[in-house]
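My questions will all concern the structure given below.
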Amino acid sequence: MLDADGSLFSGSDKGMPWTNLSIQCKISRNEDRVVAGHLSLGDSRSLALSACAVFDGHNGSSTALFCRQNFFSELMRWFPERPLPPENDVLSFQAHLFDIRKALTRTFYELDQRSLKAGYTSGCTASAIVVTGWLVTVANVGDSDVLIQTPREHRVVTQNHRLGADAKELQRLETEGAQVARLSSLLRGPAALGDTGVGSVRIWPGGLALSRAIGDAALKQHVVAAPHITQLRIPFAGARFIAATNGVWDNIQLKKVSSILCSHPLKRSALEVVRNAIPSHGNLDDASAVLIDVLPRDVEDFSEVAPKGLKRLSLLSSCCLTSKQKVEDGDSRAEMQVLWQGDMIEVLPKIAEESAVSQQRELDRGQHELRRQACKGQCLPPTPEILEITSSRA
């Protein structure tokens, strides 16, 4: 149902969907971390959002653990605390979409910088899903992909930042003068000139196969935490999202994941995805997944409106739109709509500048408070004389 202002994204509860979350993990190396929950923002806590994220650690788990512990606090710190404007207010609507993208980029940047300042040398991927009404924003660095399943299609909505999968990123690294090569045939360090090497292209020192990540102190000059972001309007019938680490995606085909998402209730789907991602011969990598349903309030689980239930979808089409809306919108609300998709790397310098200014202000405030406390201590009235009183029993 459309709100009175003509927007599917307003802050009112009228016509807004509900969300449900489920997490499933298979731990081998203990480097994956997952976080999910429902948050309230604003002074009156009237702005509700649901969010989840997966962090796939490499060279240790400390950075992934740090991100899991601090993701929500950073997100709430930067996320706009006002409802999304109506779509017919085009300038305000687009500006708000940008503010959300900027908030997630700032969140990734601060997690990156804070983990480095904490002395962690490991790194991690990061893929986050943030739901505000019918609007979903997906941000990622690394290769922990996010897939959306609607009643009509499934689609990966992240950018895979493996060097072998992203020619544009490979070109960026080479332009910056990064050392990029395969592992040497001797399995020690980068392949030298004339050595074809083995495996995928990597960045050295360290041999990381990703161009984007949080952390990775030794490679920070080139491996940045600027996310790829996709913003979607969910179809009125609902959708199911899955964010998973590469321990899942490397071992199960997208078509199989889609089939599982459509065939089972939420918790069972999460379990089946991870179970099917474990090869019969065993898998040394962690496999973690978080699923989130975004549904109309009269639907209890996405499996009710999945492709096998197109009759149910047709019923929703009839009951959710008035005759006028059917004429004006046709069947557009049954389709997922990409509102924005792109790379936030060009915004990163501005965010770094704003972060530095904020840190300086906090430092100045702290120094001012220290001076105030010092002055307060110096200006205290003199301590009264201490009189020795000898008491006696009456």
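When you look at Leu104, is it part of a helix (DSSP H, G or I) and buried (at least 23 other Cβ atoms within 10 Å of the Cβ), yes or no?
yes
Right, next: Checking the condition modelled with pLDDT of 85 or more, more than 25 Å from the chain's Cα centre (by Cα) and either buried (at least 16 other Cβ atoms within 10 Å of the Cβ) or not assigned by TED's automatic domain parsing to the domain that holds Leu111 (or both), which residue from Val273, Val299, Val257, Val290 passes?
So the residue among Val273, Val299, Val257, Val290 that is modelled with pLDDT of 85 or more, more than 25 Å from the chain's Cα centre (by Cα) and either buried (at least 16 other Cβ atoms within 10 Å of the Cβ) or not assigned by TED's automatic domain parsing to the domain that holds Leu111 (or both) is Val299.
In the list Ala226, Ala191, which residue meets the criterion of being under 20 Å from the mean Cα position of the chain (by Cα) and hydrophobic (A, V, I, L, M, F, W, C)?
None of the others qualify; the one that does is Ala226.
When you check Ser303 against the structure, is it in contact with a strand residue (DSSP E or B) (Cβ under 9 Å, 6 or more places away or on another chain) and at negative phi, yes or no?
yes
Same structure, new question: Would you please name the residue that is nearest to the chain's Cα centre (by Cα), looking only at residues in region 167-181 that are part of a helix (DSSP H, G or I) and polar (S, T, N, Q)?
Residue satisfying both the conditions and the ranking: Gln171.
Here is a further query. Considering each residue of region 224-245, count those that are under 24 Å from Arg172 (Cβ atoms) and in a strand (DSSP E or B), and give that number.
Of the residues in that region, 5 qualify.
Also: Which of the following residues is assigned by TED's automatic domain parsing to the domain that holds Ile23, in contact (Cβ under 8 Å) with a residue 40 or more places away in the chain and either on the phi > 0 side of the Ramachandran plot or among the aromatic types (Phe, Trp, Tyr) (or both): Phe72, Phe66?
Phe66
Report yes if Pro85 is more than 20 Å from the chain's Cα centre (by Cα) and either buried (at least 23 other Cβ atoms within 10 Å of the Cβ) or over 21 Å from Val224 (Cα atoms) (or both), otherwise no.
yes
For Gly133, all conditions in the list (1) on the phi < 0 side of the Ramachandran plot; (2) in contact (Cβ under 8 Å) with a residue 24 or more places away in the chain; (3) out of contact with any strand residue (DSSP E or B) (no Cβ under 8 Å at 6 or more places or on another chain) hold save one; what is the number of the exception?
So the condition that Gly133 fails would be (1).
Taking Ala51, is it assigned to a strand (DSSP E or B), modelled with pLDDT of 85 or more, within 22 Å of Ile148 (Cα to Cα) and touching a helix residue (DSSP H, G or I) at 6+ places or on another chain (Cβ under 7 Å)?
Taking the combined requirement at face value, the residue satisfies it.
Suppose we filter region 173-197 for residues that are within 15 Å of Ala209 (Cβ to Cβ) and among the charged types (D, E, K, R); how many remain?
Summing the residues that are within 15 Å of Ala209 (Cβ to Cβ) and among the charged types (D, E, K, R) in region 173-197 gives 1.
Further question: Name the residue, out of Val131, Val141, Val146, that is more than 18 Å from Asp32 (Cβ to Cβ), crowded, with 19+ Cβ neighbours inside 10 Å and among the hydrophobic types (A, V, I, L, M, F, W, C).
None of the other options fit; the residue is Val131.
The values are calculated or read from the model by the stated rules, or taken from the named source; none is laboratory data. Because the structure is predicted, anything quoted here is derived from the model rather than measured. Cβ atoms come from the backbone with ideal geometry, glycine included; neighbour counts cover every protein chain shown.
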